[in-house]
Amino acid sequence: MTILKKSSMLLLFIVSSILVGCNGKEKPEMSEKQVATAFFNAIYNEKDIDKAISLSSTEFQEEIAKYHTASNVARLLFNMTFDSVSLHTSAQKKQILDDYNIQVTMMVQFTGIRNGNNYKDYKKIRLIKDNNLWLVDKLFED
């Protein structure tokens, strides 16, 4: 091979490596408030139980999966049904147990419509940080 062909192949290899490396973009890390909102939005507005499960800890995934559908989770686990809902979150207490165990207790306000009437409700949840991802871990009883 000539020097020109070797240089061209080396340049092609370098450019390909850079393009492949840039193509694998990581998802930006979501805050605990964004995860809580996305979790309840998946259940109440998107009706997507798989998305809600993906935003849950292993233990809470098992609890949610028992209900099979998002509408069953909303009705039976959370004891709330809405035709449509808007969500507002507020962190109440953040605990750093050690470098690897961080949890936050959060209040979620639901403002929604059911059968043409407006309703407000609140749920208290706990999120944990697992491998730099916030996950819904527990629903506290009213």
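Yes/no matrix, rows are residues, columns are (1) modelled with pLDDT of 50 or more; (2) touching a Leu at 6+ places or on another chain (Cβ under 8 Å):
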| residue | (1), (2) |
| --- | --- |
| 5 | yes, no |
| 15 | no, no |
| 27 | yes, no |
| 34 | yes, no |
| 39 | yes, yes |
| 43 | yes, no |
| 55 | yes, yes |
| 62 | yes, no |
| 69 | yes, no |
Could you check the stretch 38-142 for strands (runs of 3 or more DSSP E) lying wholly inside it with 3 or more residues that are of a type in the set (Val, Ile, Thr)?
-> 84-98, 101-114
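Inspect all residues belonging to the stretch 115-123 and state whether any of them is under 15 Å from residue 137 (Cα atoms) and in contact with a Leu (Cβ under 7 Å, 6 or more places away or on another chain). First the steps, then the outcome.
First, pick out the residues of the stretch 115-123 that are under 15 Å from residue 137 (Cα atoms): 123.
Narrowing the set further to residues that are in contact with a Leu (Cβ under 7 Å, 6 or more places away or on another chain) leaves 123.
Scanning the stretch 115-123, I find at least one residue that is under 15 Å from residue 137 (Cα atoms) and in contact with a Leu (Cβ under 7 Å, 6 or more places away or on another chain), so the answer is yes.
The values are calculated or read from the model by the stated rules, or taken from the named source; none is laboratory data. Keep in mind it's a predicted model, so treat the numbers as computed, not measured. Neighbour counts run over all protein chains shown; Cβ positions are idealised from the backbone, glycine included.
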